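Presented below is the structure to which this report refers.
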Amino acid sequence: MIRLVGKFKRSDLATMRLKKAMWELTYLRGRFNYQRGSFKECVQCLSTVPPSSPLHTSARLLEGTAHVRMYQAWPAATAYRAVLRKARQAKKKTARLRRHEELALISVARLFYAAKKYTKAIKYYGKVPATSEYRPDPDLEVCWARCMKGDHTGALAGLKQARAHRPASL
């Protein structure tokens, strides 16, 4: 399906009289370009998905990831912040929005880690809820950030804590 949508040009999608489906088709075209490795085209498609679309946070997450793949940290952070802003403004968070918020928090933390801003990275890793399905990764990554910051005692304590709370399936 994504391959079929990927063959349409952006101008073709705009001329179609499928208002409800247009943003979904645009999102799928962005995903197709991402899978193809055409990150610039991917960003061009995904950036047009409006905030009113149910796929807005999905588009912003993938857009941020495409920017990271192009080594563009600032635009990636902007895309991830859009997801965090949408989650913060939501009156009721769906499971999907909660997952997107958690992924955006982890992604922003990783950007700070890559920029060697370990204190900010630790702050964002700490915002991921303890009940998150993604929690084991941030627990270990915050230990690395503490280690890089020079807090070896904190890193060791974090490793012990992460190991104690690690799900049995891992």
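For region 48-61, filtered to residues that are in a loop (DSSP other than H, G, I, E, B) and in contact with a Gly (Cβ under 9 Å, 6 or more places away or on another chain), the residue that is least open to solvent (accessible area, probe 1.4 Å) is 49.
The selection criterion, being at pLDDT 95 or above and out of contact with any Ser or Thr (no Cβ under 7 Å at 6 or more places or on another chain), holds for residue 104.
Residues that are surrounded by fewer than 21 Cβ atoms within 10 Å (Cβ to Cβ), in a helix (DSSP H, G or I) and polar (S, T, N, Q) within region 31-47 comprise 35, 44, listed in sequence order. Would it be correct to say that residue 85 is without any contact (Cβ under 8 Å) to a residue 12 or more places away in the chain and either open to solvent by 30 Å² or more (accessible area, probe 1.4 Å) or of a type in the set (D, E, K, R) (or both)? Taking the combined requirement at face value, the residue satisfies it. With respect to the conditions (1) under 30 Å from residue 31 (Cα atoms); (2) open to solvent by 50 Å² or more (accessible area, probe 1.4 Å); (3) over 13 Å from the mean Cα position of the chain (by Cα), residue 156 lacks only one, and its number is (1).
Okay, residues lined up against (1) of a type in the set (Ser, Thr, Tyr); (2) open to solvent by less than 60 Å² (accessible area, probe 1.4 Å); (3) within 24 Å of residue 143 (Cα to Cα); (4) in contact with a Cys (Cβ under 9 Å, 6 or more places away or on another chain):
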| position | (1), (2), (3), (4) |
| --- | --- |
| 72 | no, no, no, no |
| 90 | no, yes, no, no |
| 95 | no, yes, no, no |
| 105 | no, yes, yes, no |
| 108 | no, yes, yes, no |
| 114 | no, no, yes, no |
| 121 | no, yes, yes, no |
| 124 | yes, yes, yes, no |
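The number of residues in region 92-129 being under 15 Å from the mean Cα position of the chain (by Cα), more than 26 Å from residue 54 (Cβ to Cβ) and outside any helix (DSSP H, G or I) comes to 0.
In summary, residue 64 fulfils each of the numbered conditions (1) open to solvent by 20 Å² or more (accessible area, probe 1.4 Å); (2) under 9 Å from the mean Cα position of the chain (by Cα) with the single exception of condition (1).
The values are calculated or read from the model by the stated rules, or taken from the named source; none is laboratory data. The model shown is predicted, which means the values in this text are computed figures rather than measured ones. Positions of Cβ are backbone-derived with ideal geometry, glycine not excepted, and every protein chain shown enters the neighbour counts. Each accessible area value is taken on the protein alone, full model and side chains, heavy atoms only, with ligands, DNA and RNA left out. Shrake-Rupley method; radii C 1.70, N 1.55, O 1.52, S 1.80 Å.
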